[in-house]
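Undergrad: I have a structure I would like to understand better, so I am pasting it below and will then ask my questions one at a time.
The values are calculated or read from the model by the stated rules, or taken from the named source; none is laboratory data. None of these values were measured; they are calculated from a predicted model. Neighbour counts are summed over all protein chains in view; Cβ atoms, including those assigned to glycine, are modelled from backbone coordinates with ideal geometry. These area figures cover heavy atoms from the full protein model, side chains too; ligands, DNA and RNA do not enter into them. Shrake-Rupley method; radii C 1.70, N 1.55, O 1.52, S 1.80 Å.
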Amino acid sequence: MTPSAEDAAAGLQYSRVLDAPPELVFDCFTQPGHLTHFWAPKGASAPTTEILVDLRPGGRFETLIVNDATGATYATRSVFLEVHAPDILAWHEEHTGMTVRVTFTALPGGRTLFSLHQSDIPDQVLRPENRAGFATTLDKLSNYLHHLADGAKQ
Amino acid sequence: MESMLKNRPPGSLDAAFAALADPTRRAILTILADGDATVSDLAAPFAMSLPAVSKHLKVLEASGLISRTRNAQFRPCHLERAALDGVGDWIEDHRRVWDERLDKLDQHLAELQGGKEERDDS
């Protein structure tokens, strides 16, 4: 494997086919009125009024995630690095230190290949004291190595 | 983008991901999951030269995923399970977040494109 291919594979790869054209998917990721519908994970919300999108390299990308059950909030604070509508969006997350780069590739039938690459992953997750109560199984190892293998082929 | 991926410090999670990006190195880890092994033990199943395997082991060692005894003659390799667990936990957590996020996005896109025929392949 060449060094450049290894660099491309460093970090988490995630992809998914979405049933909408890249233009619409890009809008969903860059407009508060859309982001509020999907940005928060299950059991949480991302209120539109708390979403800030200054869509340009160096612009702010901020959201507030509210736990529906407890009301606990989690602020995400990012800066856009790349903005190329409707194909590429990248931001640096100040709250995690990670860099996220998303590409939207047009597929036949008005679909979009959503690909995410997350890098600059914080090292503290490697420290055993941060993973109390977790038991290793080889099945689990095998599963996530598969995920990595899928990502590395891109 | 490329410049951001440089300068991965030894033992960093980025270094671990880079190490895991190679199929031979993943296979080496799978073998080491059964127990410590020497370079020649590891070279045998791959039809690779010892220097080639050594190169892979250096990458794995720098990533913190394996360790090697310094003073023993054959320097057996040892899988660092805690490091692998860290990678696995992180991947699972983040995959779940993005899975949930994109599940919601799927639904939102379907609502936006109300006229478009529903697909049944999810």
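Undergrad: Counting only other chains, what is the mean number of Cβ atoms within 10 angstrom of the Cβ of each residue in peptide A:16-22?
TA: Numbers: counts 6, 3, 4, 10, 8, 2, 0.
Counting Cβ atoms of other protein chains within 10 Å of each residue's Cβ and averaging gives 5.
Undergrad: Over segment B:8-112, with the other protein chains present, what is the accessible area per residue in square angstrom, probe 1.4 angstrom?
TA: Values: 4640 Å² over 105 residues.
Computed with neighbouring chains in place, this is 44 Å² per residue.
Undergrad: Roughly how many nanometres apart are two label points built 7 Å out from the Cα toward the Cβ at B:F74 and B:A110?
TA: 5.7
Undergrad: Suppose the chain between A:K42 and A:R16 were pulled fully straight at 0.36 nm per residue; how much longer would it get relative to their current alpha carbon spacing?
TA: Full-extension gain reported as 7.6 nm.
Undergrad: For segment B:74-89, what does the Karplus curve 6.51 cos²θ - 1.76 cosθ + 1.60, with θ = phi - 60°, yield as ³J(HN,Hα) per residue in whole Hz, taken in order and with x for Gly and Pro?
TA: Per-residue couplings from phi come out as 9, 6, x, 8, 10, 6, 8, 4, 4, 5, 5, 4, x, 5, x, 4 Hz.
Undergrad: Which Rg and Dmax, in Å, describe the Cα atoms of segment B:8-112?
TA: According to the Cα coordinates of segment B:8-112, Rg and Dmax are 17.9, 66 Å.
Undergrad: Further question on the same structure: Within 10 Å of each Cβ in peptide B:92-103, how many partner chain Cβ atoms are there on average? Round it to a whole number, please. Numbers along the way, then the final one.
TA: Numbers: counts 4, 1, 8, 4, 2, 4, 9, 4, 6, 8, 8, 4.
What the average comes to for B:92-103 is 5.
Undergrad: List, by residue number, every residue in segment B:16-58 with a reduction of 40 Å² or greater in accessible area between the chain on its own and the complete protein assembly, 1.4 Å probe.
TA: SASA drop of 40 Å² or more in segment B:16-58: B:F17, B:A21, B:R26.
Undergrad: Take the alpha carbon atoms of segment B:81-105, find their center, do the same for segment A:25-62, and report the distance between the two centers in whole angstrom.
TA: 21
Undergrad: Let me ask something else about it. At 1.4 Å probe size, with the rest of the protein present, what percent of the exposed accessible area of segment B:8-112 is carbon and sulfur atoms?
TA: Values: 2490 of 4640 Å².
Taking all protein chains in place, segment B:8-112 shows 54 percent carbon and sulfur surface.
Undergrad: Another one. Just to check I understand the Karplus step: with θ = phi - 60° and J = 6.51 cos²θ - 1.76 cosθ + 1.60, what whole-Hz values come out for segment A:69-84, glycine and proline as x?
TA: Residue by residue, segment A:69-84 yields 7, 9, x, 4, 10, 9, 8, 9, 10, 10, 10, 5, 9, 9, 9, 10 Hz.
Undergrad: Hey, rough spin-label estimate for B:M48 and A:T49, points 7 angstrom out along Cα→Cβ, what's it come to in nanometres?
TA: A separation of 5.8 nm, rounded to one decimal place.
Undergrad: With a 1.4 Å probe on protein heavy atoms only, tell me which residues of segment A:86-111 lose at least 50 Å² of accessible surface in the complex relative to the chain by itself.
TA: With the partner chains in place, segment A:86-111 has these residues losing at least 50 Å²: A:R111.
Undergrad: What is the interface area between chains A and B, defined as buried accessible area summed over both chains with a 1.4 Å probe, reported in Å² to the nearest 100? Intermediate values should be presented prior to the final figure.
TA: Values: alone 9730 and 8970 Å², together 13400 Å².
Adding both sides of the contact gives about 5300 Å².
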